[in-house]
Structures are given as structure tokens and as C-alpha cells.
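Have a look at the structure below, then the notes.
Taken together, the values in this text are just the output of simple stated rules run on the coordinates, not laboratory data. As the structure is a computational prediction, the values presented were derived from the model and not from experiment. A quick note on method: Cβ atoms are made from the backbone with ideal geometry, for glycine too, and the neighbour counts reach across all protein chains shown.
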Amino acid sequence: MAVFELVDGAEAVVTADDLSVYYGVDGVLRAVFRTDGQGDPLPHCDPAQHGYALTMLCFADSTERVAIAEVVDVERLLSV
């Protein structure tokens, strides 16, 4: 299991195999997760499988196969 950590003081709200979701000091949720060769989330660490919808891809590294994306909590969005 990979452990991801953001350096901006963000608080981890979800940690799972190859996936972490952080609440940033700027109030934005960001997910860090492993990707396949096409840049898509691996099935076991897809933020959508954990209730988060990707809104914007911030960073992707095809060599390391990792990505950072802004996400929204679908359950919280639907309850508004």
C-alpha cells in the first residue's frame, strides 16, 4: 500500500490502498491515487469507488503512475 502525503498542511479524510483524499487549507478536496498506463485510476483506488467525483485533474505522472485531482464528495453534494 502506498502512503501519500501532501506538504501544504492538508488533512487526510480518506486513506485506502493507493488512494488518499485530503481536505486542503484552501477548502478544496484533493485525491491522490495510482493510475494505469492510460492515466485512469486503478479500480481499487478509483476515487469514484469511494464516493468522490473528479472535477479537475491537477497533476499526472505517467512514469510514477500517480495523479492528483480535485474531487467533490458526492453524498455531501446530493444532500445540499
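Of note:
- Annotation: amide H of A10 within the under-5 Å range of V25, sequence separation 5 or more or interchain, hydrogens built in the peptide plane.
- Separation in nanometres of the label points that stand 7 Å from Cα toward Cβ, at E11 and L42: 2.9 nm
- Sequentially through the range 14-20, phi angles give Karplus couplings (6.51, -1.76, 1.60; θ = phi - 60°) of 9, 10, 9, 4, 6, 8, 9 Hz, Gly and Pro residues having no value and appearing as x.
- Under 12 Å, Cβ to Cβ, from G24 - net charge with Lys/Arg +1 and Asp/Glu -1: -3
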